[in-house]
Amino acid sequence: MSLNPLLDFTGLPRFAEIRPEHISPAIEQLLAEARQTVAQLTAHVDSPSWENFVDPLTDTTERLSRAWGVVGHLNAVVNTPQLRDAYNANIAPISEFWTELGQNLALLGQFKAIEASPAYASYNAARQKIIQNDLRDFRLSGAELPEAQRQRYAAIQSRLAELSARFEQNVMDATDAFSLYLEDAAELDGVPEDALALFAAAAQADEKTGYKITLQFPFYFPVMQYAHNRALRQKLYDAYVKRASEFGLPEHDNTEIIREKLQLTREEAQLLGFANFAELSLYTKMAESPAQVIAFLRDLAARAKPFAVKDRAELEAFASKELGFSDLQAWDIAYAAEKLRVARYAFSEQEVKQYFPESKVLPGLFGVVNTLYGVEVRDSSAPVWHDDVRFYDIIKDGQLVGSFYFDLYSREGKRPGAWMDDARGRRKKGDTMQTPVAYLTCNFTRPVGDKPALFTHDEVITLFHEFGHGLHHMLTQVEELGVSGINGVEWDAVELPSQFMENFCWEWDVLQGMTAHAETGETLPRALFDKMLAAKNFQSGMMTVRQLEFSLFDMLLYTDFDASTGDWLALLDTVRQEVAVNFPPSYNRFPNSFSHIFAGGYSAGYYSYKWAEVLSADAYAAFEEAGGANAATGKRFWDEVLAVGGSRSALESFRAFRGRDPQIDALLRHSGMVEEAV
């Protein structure tokens with residue numbers, strides 16, 4: 001067993017033993033080993049084949065990726081100054097290696113030789129797809145550029161990696177830097193008891209009395225949604241929307257990071273022969289061009305905006321008449337919407353939340369997966385990075401299919417949001433099958449005292465969404481790492497399995513099995529479910545145009561915008577004038593915390609959520625036609641979508657499952673945006 005836990009690949013990561021001081025020595029060793037392997041493969045392999053070339057190259061790069069993946073994951077979920085320093089110190093060396101690999105002409109020559117070899121024709125679809133993807137990626141890494149341009153491309157990649165990390169860390173630090181202590185419970189009038197208990201526990205942890213409120217979502221949103229105190233809502237809103245901007249600490253300000261990142265991505269694209277970064281981004285996606293995406297978004301906006309206008313008008317009228325708000329401000333929207341929901345549908349999110357204790361939701365989720373795919377989710381054990389984390393195995397016919405970690409609760413030092421990432425992928429290695437392992441991370445409210453964690457229905461939907469990503473990774477049947485699971489799947493199709501899973505959160509048969517009231521143990525009453533269903537598309541027009549606002553801003557930002565002289569806040573305002581119905585105050589600095597497009601993988605790709613929603617709604621319609629969750633349709637979805645991973649195009653997989661091209665009708669119907677309703 002290795003003394004450095006990051007160098008042990010015999011099983012699952014040894015999280016309990018990993019320390020910041022392990023990171024640099026491990027990464028240095030793995031980089032050296034990888035470079036040595038590459039040198040041997042390019043100098044001494046005369047007739048490259050899958051066995052003597054691709055497998056050894058995959059072995060060495062997989063080890064590096066797995067170790068660095070562990071480090072990146074820890075940086076996101078248990079961030080400390082020491083860990084961050086070690087992570088940041090290795091960003092440039094890692095980036096340099098991957099760029100160097102992508103620009104290695106000798107390596108490119110070996111891949112071309114494999115493509116031209118007689119054996120290539122006998123390769124299965126997965127292996128051929130990997131070779132074609134690699135040949136494409138050499139071009140996109142600048143391999144065939146002149147030397148000076150190759151060097152510039154490499155420098156850009158290193159800087160972009162550093163900027164992405166800094167952007168995300170600034171958002172985390174700016175979020176954690178804010179705290180508000182309140183002594184008087186009257187200031188929190190309207191906030192539910194379970195949220196108050198969370199606030200009180202947080203204050204107690206700081207050895208203070210009263211209540212502590214932070215900008216972490218389980219603290220922030222209950223205040224915005226329920227607190228009668230309008231001044232308090234405004235105070236929290238102001239702090240939240242000014243995060244990582246010029247209004248806070250200079251070291252947390254992401255403004256210049258945004259500018260430099262936009263400049264560098266445009267330069268990167270132009271070096272590779274693309275007009276802008278959006279063209280480069282879409283080169284490996286389903287969508288054909290920025291113009292096609294922009295047209296798709298504007299078409300959807302034209303369909304959705306009349307519903308959004310109606311939503312906004314209803315909210316303003318209600319807020320004026322029932323709440324006495326002559327002007328509905330940004331910090332009033334969640335509060336007024338919840339009051340309108342209660343008035344119109346006679347239930348509140350807080351009431352529903354009492355029926356979704358974690359102890360019922362998780363078995364309910366696992367039960368749906370069992371119904372669809374005939375797999376069993378079992379408690380298991382593995383070293384973990386925090387006491388909150390649990391580990392599970394997925395079993396099919398007595399065989400281990402995959403495993404996953406659940407890290408569900410919000411805490412300081414943890415990146416906001418919810419996401420899935422892979423710890424390792426499925427791969428045939430000799431006579432053994434390496435099973436896939438996933439990280440599934442959320443930021444829900446933790447249990448307080450002897451009370452269980454209770455999830456809102458929206459949080460249940462989020463849980464199903466992330467588990468859908470996990471299933472895409474874990475239920476793959478592909479045996480080659482490069483296209484197994486989520487690997488090699490076009491980015492604008494990767495949300496299909498996740499958004500697809502959300503639909504089951506609206507099936508009565510499913511919800512019955514995953515509810516029990518926190519006090520009485522009673523399952524969700526049918527009458528309350530019917531109210532939830534009636535309210536399902538409550539303000540869906542407003543929510544749709546909000547997503548379209550983000551998507552259109554992202555695509556225009558990476559298409560024609562000049563970051564050297566341009567004002568992206570003005571661009572965002574122009575987009576809002578076109579598609580939005582809610583207009584925030586001028587000091588709102590939403591882009592400064594828009595990690596998806598400045599620190600995640602969604603640069604010129606945020607449209608993927610809506611693009612894939614068309615696919616997922618249409619895919620779920622196949623289950624509706626068969627009466628809901630069922631094994632027969634589930635098997636076809638597994639076989640044609642989940643199992644094949646990235647071994648063929650997402651459009652081919654969709655057609656194989658649905659028997660035709662995707663249609664937008666199901667999305668509009670599911671969202672309640674059909675012409676008759678206008």
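The values are calculated or read from the model by the stated rules, or taken from the named source; none is laboratory data. Computed from a predicted structure; not experimentally measured. Methodologically, a virtual Cβ is constructed for each residue, glycine included, from the backbone with ideal geometry; neighbour enumeration extends over all protein chains shown. Each accessible area value is taken on the protein alone, full model and side chains, heavy atoms only, with ligands, DNA and RNA left out. Shrake-Rupley method; radii C 1.70, N 1.55, O 1.52, S 1.80 Å.
Below, the figures for the structure above:
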| read-out | value |
| --- | --- |
| Label point distance in nm, ASN52-GLN132, each placed 7 Å from Cα along Cα→Cβ | 2.7 |
| The range 508-563-the range 84-154 distance, computed between alpha-carbon centres (Å) | 40 |
| Label point distance in nm, GLN234-GLU183, each placed 7 Å from Cα along Cα→Cβ | 2.4 |
| Per-pair calculated FRET efficiency, R0 = 30 Å: ARG660 and MET433 via Cβ, rounded to 0.05 | 0.30 |
| Trypsin sites (Lys or Arg not before Pro) restricted to DSSP loop in the range 596-678 with at most 10 other C-beta within 10 Å | ARG660 |
| Positive minus negative residues near SER95 (Lys, Arg vs Asp, Glu; Cβ under 13 Å) | -3 |
| Computed lengthening from ARG411 to GLU17, 0.36 nm per intervening residue step minus Cα-Cα distance | 139.7 nm |
| Proximal charge balance of GLN132 [Cβ under 12 Å; K/R count +1, D/E count -1] | +3 |
| Distance from the range 299-355 to the range 168-201 (C-alpha centre basis), Å | 24 |
| Of the trypsin sites (Lys or Arg not before Pro) in the range 253-327, those whose Cβ has at most 14 other Cβ within 10 Å and which sit in DSSP loop | none |
| Net lengthening on full extension, ASP379/HIS44 (0.36 nm per residue, minus Cα-Cα) | 115.9 nm |
| Label-to-label distance, nm, for residues given as ASN124 and ASP639 (7 Å Cα→Cβ offset) | 1.6 |
| When each of LYS212/LYS451; LYS360/LYS451; LYS235/LYS310 is checked by Cα-Cα distance, pairs over 21 Å | LYS235/LYS310 |
| Percent antiparallel among DSSP beta bridges (both partners in the range 371-514, rounded to 5) | 75 |
| Relative contact order of the chain, defined on C-alpha pairs under 8 angstrom at six or more residues apart (%) | 16 |
| Cα centroid of the range 40-82 to Cα centroid of the range 436-487, whole Å | 25 |
| Theoretical FRET efficiency, 1/(1+(r/R0)^6), r = Cβ-Cβ of LYS536 and ARG390, R0 25 Å, to 0.05 | 0.25 |
| Per residue, in Å², the accessible surface of the range 545-602 once ligands and nucleic acids are set aside, probe 1.4 Å | 36 |
| Relative contact order computed over the range 623-673 (Cα-Cα under 8 Å; 6+ residues apart), in percent | 22 |
| Carbon + sulfur, % of accessible area of the chain - ligands and nucleic acids excluded, 1.4 Å | 50 |
| Within the range 585-600: backbone nitrogen closer than 13 Å to the ASP567 label point (7 Å, Cα to C-beta) | 586-587 |
| Computed FRET value (nearest 0.05) for GLN329 with ASP509, which takes r as the C-beta separation and R₀ as 41 Å | 0.50 |
| Eligible aspartates and glutamates near LYS396 by straight Cα distance, threshold 19 Å, same-chain separation 8 or greater | GLU376, ASP379, GLU479, ASP639, GLU640 |
| Nearest 10 degrees, 0 to 90: helix 230-241 Cα axis against the chain principal axis | 10 |
| Environment charge at GLU51 (Cβ cut-off 13 Å; Lys +1, Arg +1, Asp -1, Glu -1) | 0 |
| Lys/Arg +1, Asp/Glu -1 at C-beta; the range 540-660 dipole; positive extreme among THR574, GLY605, GLY628 | GLY628 |
